[in-house]
Every structure is written in structure tokens, then in C-alpha cells.
Amino acid sequence: MAKAQYGILRFAKYKGLEIGNIEAHNERTKETYASNPDVDLSRSKDNIHLIEPQGKYRSEAEDRIKACQCPRVCSNSVRVVETLVTASPEFFEGKKPDEIRAYFEHALGFLQSRIAPENFISAVVHMDEKTPHMHVSFVPITEDGRLSAKEIVGNKKKLTEWQDGFWKHMVAKYPDLERGKSASITGRTHIPPRLFKESENLDKQIRAVVAILDDTNAFNAKKNMEEVKRRLKKLFPKLTKFKETLSGYEKAYRELQKENASLTSKVGKLEADKADLSKQVKEKKLTERLMAKQLEADYQNLYRRVSQYAPELLRGVPDPQKKKELSL
């Protein structure tokens with residue numbers, strides 16, 4: 001049986017110095033990426049800009065905010081939202097470069113239908129890493145001229161709408177892409193939105209650490225390593241705790257299995273209910289494992305990069321390859 005293929009859309013918010021770090025990663029402005037072995041600079045020439053940045057991300061964002069005369073802009077306001085767009089690795093197998101480009105152009109079209117074109121800073125497809133993916137950076141300005149990442153992507157209802165809309169847009173052209181039913185359709189919450197939000201937050205923290213490592217050179221190494229150390233002390237315990245939370249959902253899954261089995265003794269309308277519940281159980285389990293697998297991969301990648309660049313920071317931190325800290 002062929003593996004399921006999923007379209008992926010994820011958001012991250014950035015306020016200050018982090019903006020320069022993501023720009024360095026997205027635009028490949030460094031000559032080497034010793035802390036990121038997934039980047040193959042010999043293939044960077046194949047990266048694709050669907051939207052070319054006109055200047056530095058931070059200055060572009062500030063210019064746009066000033067042009068819109070956004071009220072109540074604070075020093076800690078989110079100035080750039082980065083959207084990561086990709087798909088399951090299996091989706092890209094056997095596809096030619098122009099077919100891959102078409103996928104990301106179609107995905108960008110979805111974002112452009114919801115975000116004013118003048119708010120986009122950059123859209124770049126990375127072909128020089130293991131799985132093709134696109135980073136889209138934009139300034140979160142509302143239709144009435146306010147700077148508000150929360151209103152555009154921030155709450156649970158809005159994120160669900162984004163995911164529902166993205167899947168409908170993508171599946172119209174790529175019918176093999178799959179997505180679990182939303183709670184609005186099934187009447188159930190497969191995974192609490194809080195857990196998804198926590199997963200996204202942990203992923204953002206991992207990416208922030210990697211961005212700092214990517215930006216490290218002989219002049220800022222000491223300062224950057226202190227910042228990395230500070231962040232890792234908080235991050236690794238959170239990753240372990242998150243694994244324990246996911247494991248707790250095993251019990252809920254077993255209860256759903258029992259509920260499913262009890263329906264086999266019923267007929268008529270309940271048979272349809274049983275079939276629907278069975279599908280929900282499978283979707284729930286698959287969603288849990290996909291989330292855990294992604295976070296585990298991120299954790300292992302971060303551990304590998306830190307061990308190559310500053311192994312002294314990992315003393316006392318469990319090796320995820322050996323102990324499978326995030327496996328269900």
C-alpha cells in the first residue's frame with residue numbers, strides 16, 4: 001500500500017533579531033552552513049525565488065509598517081510571519097523540477113488569495129535540502145491597516161480555517177493529497193488544538209536555535225554560544241515533557257477502539273456510525289504519529305547540529321538516536 005501524502009502548511013512569528021537569522025537561512029547569504037548538514041550548497045543554484053526580496057527582511061517590514069501608518073506598533077510586535085510550505089517526501093518522488101515548482105506556485109496562490117500582495121517580502125523554494133520546501137515571509141498587516149499577526153494567523157479558529165482552506169485549495173489540483181477531517185466536520189476533536197500549538201511552538205524554538213548556529217562566526221561565536229546554551233537548557237526538558245503528553249493519548253486511542261468494537265453489534269444507522277468512527281480512530285492515530293515523528297526528526301536534527309558545532313552544550317542531554325526520547 002502506498003504511503004499517504006500530505007500537504008503541509010506551518011507558521012512561525014518573528015519580532016526582532018530573529019528576522020535577520022531567518023533571512024540568512026532563507027536567502028542563503030552565508031558561504032558555509034557547518035551547523036546545518038542538510039544544506040547542500042552545490043545545489044543552491046537550483047533554489048527558486050517565486051518572490052524576490054527587494055531588500056533586507058527587517059527593513060522591508062519596517063518600510064511596509066511605516067507606509068501603512070500602523071497604529072500601536074510596539075518593540076515586541078511581530079513584524080514578520082514565515083510560512084513553511086512542503087509535502088510528504090513521497091509526494092515529490094519522481095517529480096521533475098518544473099512539476100515541483102508548479103506545486104509551490106499553486107500553494108503560493110493560496111497565500112496570495114488571503115494576504116495583500118504588497119505585504120509579501122520573499123517566497124523561496126529550497127531545492128538544496130532533503131525535501132523540497134518553500135519559505136514565504138510576509139508582514140502581518142490586516143485589511144484595515146493594523147499590524148496583527150494574532151488576527152491573521154494567531155488563534156485556534158483562524159489556524160483551523162487556514163488548514164482547511166489550504167487543503168481544499170491544494171487537493172483541487174493534487175487529489176492524492178490527504179488531510180484528516182476537521183472537528184467542524186466530524187463533531188470531534190481528534191487532537192486538542194493546544195497540543196498542535198505546543199508542537200508548533202517547540203518547532204519554532206528548534207528552528208530559532210539552528211538559525212543562531214547558522215549565523216555564528218569567529219566574531220560572534222562566544223555570544224551566540226551563550227545564547228544557544230541558555231535556550232537549550234529550557235528546550236530539551238520541554239521536548240521530553242511533550243513526549244510524555246503525547247504518550248497519554250495512547251489511553252484515549254484505546255478507549256476509541258473499544259467504542260468502535262461495541263458498535264459491531266448494532267445494525268442500520270449505527271453501522272454507518274461505526275464506519276465513520278473507525279475512520280476517525282485511524283485518522284487520530286495517524287495524526288498523532290505524524291506529529292510525533294516530525295518533532296522527533298526536528299529534535300534529532302538539532303541534537304546532531306549542536307553536537308557538531310558545540311558538543312559541550314549537550315552534557316547530560318539524552319541522545320535521541322539512542323533513547324528515542326520523542327517516540328510514541
Of the conditions (1) within 23 Å of residue 27 (Cα to Cα); (2) assigned to a loop (DSSP other than H, G, I, E, B); (3) in contact with a His (Cβ under 8 Å, 6 or more places away or on another chain), residue 173 satisfies every one except a single condition; which number is it?
(1)
For residue 65, indicate whether it is without any contact (Cβ under 8 Å) to a residue 40 or more places away in the chain and either surrounded by 19 or more Cβ atoms within 10 Å (Cβ to Cβ) or hydrophobic (A, V, I, L, M, F, W, C) (or both).
no
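Taking residue 216 as the residue in question, decide whether it is among the polar types (S, T, N, Q) and within 21 Å of the chain's Cα centre (by Cα). Reasoning before the result, please.
On the way: among the polar types (S, T, N, Q): yes; within 21 Å of the chain's Cα centre (by Cα): no.
So residue 216 does not fit the description; no.
Just to check your reading of the model, which residue among 121, 115, 100, 65 is closer than 14 Å to residue 48 by Cα and of a type in the set (A, V, I, L, M, F, W, C)? Give the steps one after another, and end with the answer.
Details: 121 fails: closer than 14 Å to residue 48 by Cα; 115 fails: closer than 14 Å to residue 48 by Cα; 65 fails: closer than 14 Å to residue 48 by Cα.
Only one candidate passes the filter, namely 100.
Scan the stretch 214-237 for residues that are among the acidic types (Asp, Glu), surrounded by 12 or more Cβ atoms within 10 Å (Cβ to Cβ) and part of a helix (DSSP H, G or I) and jot them down.
At the first step, the residues of the stretch 214-237 found to be among the acidic types (Asp, Glu) are 214-215, 226-227.
Narrowing the set further to residues that are surrounded by 12 or more Cβ atoms within 10 Å (Cβ to Cβ) leaves 214-215, 227.
Residues satisfying the conditions are 214, 227.
Quick test for you: out of 197, 241, pick the one residue that is over 20 Å from residue 26 (Cα atoms), at pLDDT below 85 and touching a Lys or Arg at 6+ places or on another chain (Cβ under 8 Å).
Result of the check over 197, 241: 197.
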May I ask you to list the residues in the stretch 27-42 that are within 20 Å of the chain's Cα centre (by Cα) and at pLDDT 85 or above?
27, 28
Out of the strands (runs of 3 or more DSSP E) lying entirely within the stretch 70-153, which hold 2 or more residues that are at pLDDT 95 or above, over 17 Å from the mean Cα position of the chain (by Cα) and assigned by TED's automatic domain parsing to the domain that holds residue 45?
120-126
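The values are calculated or read from the model by the stated rules, or taken from the named source; none is laboratory data. Note that this is a predicted model, so its numbers are computed, not measured. We place every Cβ from the backbone using ideal geometry, glycine too, and count neighbours over all the protein chains shown.
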